[in-house]
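Take a look at the structure set out below.
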Amino acid sequence: MNSERRGAPAGSAVAGCAPLRGALLCGLLATLLAAGGARAATLLAAVRDDSGRPVRDAVVLAMPLDGSPGGKPTREIIDQIDKEFVPYVKPILVGSSVSFPNRDKLRHHVYSVSPAKPFELPLYAGTPSSAVLFDKPGVVTLGCNIHDWMIAYVYVAETPHFAVSAHDGSARIANLPSGRYAVRIWHPEMTVAESSTVQQIAVGRDGETQVSWTLKLTPILRPRRAPAAGAHGYH
């Protein structure tokens with residue numbers, strides 16, 4: 001009887017207590033690590049014009065000042081709907097590709113002569129068999145040879161940390177790693193150089209950082225939209 005009290009057999013509940021306790025500790029540690037990993041900083045941007053009105057379609061970018069920006073190229077889509085490009089402004093990470101599906105019942109001819117990516121997708125319907133690779137940073141202006149009013153912009157960024165301002169002028173960049181950033185904006189109608197909009201900020205492991213801009217804009221003169229469907233005769 002005394003010997004049973006001094007040492008329990010290997011298969012007893014007492015002997016299994018240490019592994020069980022270790023499993024519980026490991027589970028608790030994993031939960032804490034997951035909760036800590038979910039914590040990330042958020043950049044909240046506000047863009048207005050010089051009359052105080054909100055500015056939509058402004059690209060807000062955060063470039064890390066410490067280390068590489070990281071990120072992986074992605075496959076993106078710019079639609080053609082009701083003879084318009086959707087969206088009007090599309091930021092992507094350099095090295096990403098974009099597909100240009102035509103959702104209309106007539107054909108389009110998509111092209112660009114921008115130095116960052118000259119290309120041409122001759123008159124087509126449906127979805128082209130291959131996407132367009134954007135392998136250089138810069139702004140790429142899109143057009144359609146058939147419908148002159150169709151204009152859009154691809155902003156090819158060197159950082160994956162970007163967002164586009166909504167109708168209320170707000171933009172939100174989530175999951176920013178802690179560190180220092182040079183934050184800037186671009187808009188197709190702004191009258192100043194993009195480099196003049198840079199603001200340096202520091203973000204911690206979590207929480208929100210706010211930044212704002214006031215821009216002077218000059219509207220882009222665009223050809224008037226044709227009033228009747230199929231005005232150019234391409235269906």
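Here Val47 qualifies as touching a residue at least 60 places away in the same chain (Cβ under 8 Å) and assigned by TED's automatic domain parsing to the domain that holds Pro219. Give region 134-169 a look and list any residue that's in contact with a Gly (Cβ under 8 Å, 6 or more places away or on another chain) and surrounded by fewer than 14 Cβ atoms within 10 Å (Cβ to Cβ), or say none. The one that is in contact with a Gly (Cβ under 8 Å, 6 or more places away or on another chain) and surrounded by fewer than 14 Cβ atoms within 10 Å (Cβ to Cβ): Asp135. The numbered conditions (1) closer than 23 Å to Ile220 by Cα; (2) in a loop (DSSP other than H, G, I, E, B); (3) over 14 Å from the mean Cα position of the chain (by Cα) are all true for Ser130 except (1). Out of Glu189, Glu194, one residue alone is out of contact with any helix residue (DSSP H, G or I) (no Cβ under 6 Å at 6 or more places or on another chain), modelled with pLDDT of 95 or more, closer than 21 Å to Ser96 by Cβ and surrounded by fewer than 19 Cβ atoms within 10 Å (Cβ to Cβ). It is Glu194.
The sole residue among Ile146, Ile185 that is touching a residue at least 40 places away in the same chain (Cβ under 8 Å), in contact with a Phe, Trp or Tyr (Cβ under 6 Å, 6 or more places away or on another chain) and more than 17 Å from Val59 (Cβ to Cβ) is Ile146. With respect to Asn175, is the statement that it is among the polar types (S, T, N, Q) and either within 30 Å of Glu208 (Cα to Cα) or buried (at least 19 other Cβ atoms within 10 Å of the Cβ) (or both) true? Considered against the rule, which asks whether it is among the polar types (S, T, N, Q) and either within 30 Å of Glu208 (Cα to Cα) or buried (at least 19 other Cβ atoms within 10 Å of the Cβ) (or both), Asn175 comes out as yes.
The values are calculated or read from the model by the stated rules, or taken from the named source; none is laboratory data. Because the structure is a prediction, the values reported are computed rather than measured. With ideal geometry, Cβ positions are generated from the backbone for all residues, glycine too; neighbour counts draw on all protein chains shown.
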